[in-house]
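Presented below is the structure to which this report refers.
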Amino acid sequence: VKTSDLTELEVAQVKLGSSVTLRFDALPDLALNGTVEYIDARSVERRGDVTYTVTIQLNSSNDSLLWGMTAAVQFEE
C-alpha cells in the first residue's frame, strides 16, 4: 500500500518499521495491520503542500480488497 499525501510535518513523525493500521472506506468492518517499508526521500508538491510517499507492507491480505480502494492510514507511535 502506498500513501502519497503525508506532509513534511507528518512524515517527520514516521519511521521505518513503524506499525500501521489501515481501514478501508469500502470495507468499514475491515482493519489490517502493516509496517512502514519505505519512505521516499523526494517530495512532490501537491495542491500547494510538500508531500511524501510512504510504502506500507501489509501483514495479511483480504480477498475483498481491490486495487485503487481508498484507505485511512493510522501510524502508530
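The values are calculated or read from the model by the stated rules, or taken from the named source; none is laboratory data. Just so you know, these numbers come straight off a predicted model, no measurement behind them. Quick reminder, even Gly has a Cβ in these numbers, built from the backbone with ideal geometry, and neighbours come from all protein chains shown. These accessible areas exclude ligands, DNA and RNA; they are computed on the full protein's heavy atoms, side chains included. Shrake-Rupley method; radii C 1.70, N 1.55, O 1.52, S 1.80 Å.
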| message | Under 10 Å, Cα contacts only: if you run a Gaussian network model on the chain, which one of 63, 25, 40 comes out with the highest mean-square fluctuation? | response | 63
| query | Taking square-rooted eigenvalues a ≥ b ≥ c of the alpha carbon gyration tensor, is the chain rounded, prolate or oblate, where a/c under 1.5 means rounded and, failing that, a/b exceeding b/c means prolate? | reply | prolate
| query | For residue 4 and residue 60, what is the calculated FRET efficiency with R₀ set at 30 Å and r taken between the beta-carbons, to the nearest 0.05? | reply | 0.85
| field | Charge sum, other residues only, whose C-beta stays under 15 Å from residue 70's C-beta, Lys/Arg counted +1 and Asp/Glu -1 | value | 0
| field | Residue-by-residue Karplus 3J(HN,Hα) for region 13-21, coefficients 6.51, -1.76, 1.60, Hz, glycine and proline x | value | 8, 8, 10, 4, x, 5, 7, 9, 10
| message | I'd like the accessible area for residue 70, computed on protein heavy atoms only with a 1.4 Å probe and all protein chains in place. Round to 10 Å², please. | response | 80
| field | Integer Hz, Karplus 6.51/-1.76/1.60 couplings in order for region 22-28, x for Gly and Pro | value | 10, 10, 10, 4, 7, 10, x
